[in-house]
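The values are calculated or read from the model by the stated rules, or taken from the named source; none is laboratory data. Just so we're clear, the structure is a prediction, and the values are computed from it rather than from any experiment. Note that each Cβ is placed from the backbone with ideal geometry, even for glycine, and that neighbours are counted across all protein chains shown. Areas reflect the complete protein model, heavy atoms only, side chains present, ligands, DNA and RNA absent. Shrake-Rupley method; radii C 1.70, N 1.55, O 1.52, S 1.80 Å.
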Amino acid sequence: MKKVKIQTMLGDIVVRLYDETPIHRDNFVKLVEEGYYDGTLFHRVIKDFMIQGGDPDSKGAPAGKMLGVGGPDYTLEAEIKEGLFHKRGALAAARQGDEVNPERRSSGSQFYIVWGQVYNEGQLRQFSKQLKMQHAQAIFNQLASEHRDEIMQMRRNRDRAGLQELQDRLAAEAQKQAADYAGLTEEQQKTYSTVGGTPHLDGQYTVFGEVEDGLDVVEMIQNTATGRGDRPVDDIEMRISIVE
């Protein structure tokens, strides 16, 4: 089990990295050992949501510079695992959106720590419904990719009837495969109604660790004043080291 310490001017945050996500764990440890994160900033902070860092372009960045697109020359295979979710204090990998990144591959270096909110029963029911829809859509997208050549041929032939029939068939198959998906588990519902977090991100991003100590520091950071691009007005620099 690997732990890292994120040192900031507001205090230290100790994070445990999950063994269930070895690609992300090992990559994070490698970057920490290289000193990759030292001098970088928490460059994007949104109150009641999360704090984000890991952009190498944030080192010594002048005030007002837009940040958030930097990283190494690689991305990581998604490790979105059932049971690892966006509770308060979760460490997760940032990534580009589905429209350009349908495989949901993670940034090679950028990460965020969840703060989120506490939700009531009605809100959690809505989130569960949303997750079910996202799950069915993901299955549909996968099925569509498997029929890509057939779809392209129909488009070239302007076979609208055939295209509609195939789309309806794939949609029905996606709904069938997604029928047993329950959305939020009992554990998720209990956690989000007591501890808090960001349930709408579940299943979308890789969660690969959690804060074991220093959640009060995360709270201070997420409460900091921000300006353009959600960048803190006063820079919050970090150094990260391996604890064990």
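Taking R231, is it surrounded by 18 or more Cβ atoms within 10 Å (Cβ to Cβ) and either basic (K, R) or touching a Cys at 6+ places or on another chain (Cβ under 6 Å) (or both)? Yes.
Pairs linking a residue in the stretch 202-227 that is under 18 Å from K47 (Cβ atoms) to a residue that is assigned to a helix (DSSP H, G or I), with Cβ atoms under 8 Å and 6 or more positions apart or on different chains, are V211/V218. When we screen V4, V15 for residues that are farther than 26 Å from T185 by Cβ, of a type outside the set (D, E) and either open to solvent by less than 40 Å² (accessible area, probe 1.4 Å) or not in a loop (DSSP other than H, G, I, E, B) (or both), the only hit is V4. Being open to solvent by less than 30 Å² (accessible area, probe 1.4 Å) and either in contact (Cβ under 8 Å) with a residue 40 or more places away in the chain or in a strand (DSSP E or B) (or both), is that true of even one residue in the stretch 97-105? Taking every residue of the stretch 97-105 in turn, none turns out to be open to solvent by less than 30 Å² (accessible area, probe 1.4 Å) and either in contact (Cβ under 8 Å) with a residue 40 or more places away in the chain or in a strand (DSSP E or B) (or both). Among the residues of the stretch 127-177, the ones that are under 24 Å from F85 (Cβ atoms) and among the hydroxyl-bearing types (S, T, Y) come to 1 in all. The combined condition, being in contact with a helix residue (DSSP H, G or I) (Cβ under 8 Å, 6 or more places away or on another chain) and closer than 29 Å to L131 by Cβ, is not fulfilled by V100.
Scanning the stretch 76-96 for residues that are crowded, with 18+ Cβ neighbours inside 10 Å and under 18 Å from D55 (Cβ atoms) yields L76, L91, A92, A93, A94, R95. Residue under question is F28, and the condition is that it be touching a strand residue (DSSP E or B) at 6+ places or on another chain (Cβ under 7 Å), part of a helix (DSSP H, G or I) and among the aromatic types (F, W, Y); does it hold? So F28 passes the test.
Y192 meets each of the listed conditions (1) over 20 Å from E82 (Cβ atoms); (2) surrounded by 12 or more Cβ atoms within 10 Å (Cβ to Cβ); (3) not acidic (D, E) apart from (1). Which of the residues spanning the stretch 36-70 are farther than 28 Å from F85 by Cα and in a loop (DSSP other than H, G, I, E, B)? Result: G39, K59, G60, A61, P62, A63, G64, K65, M66.
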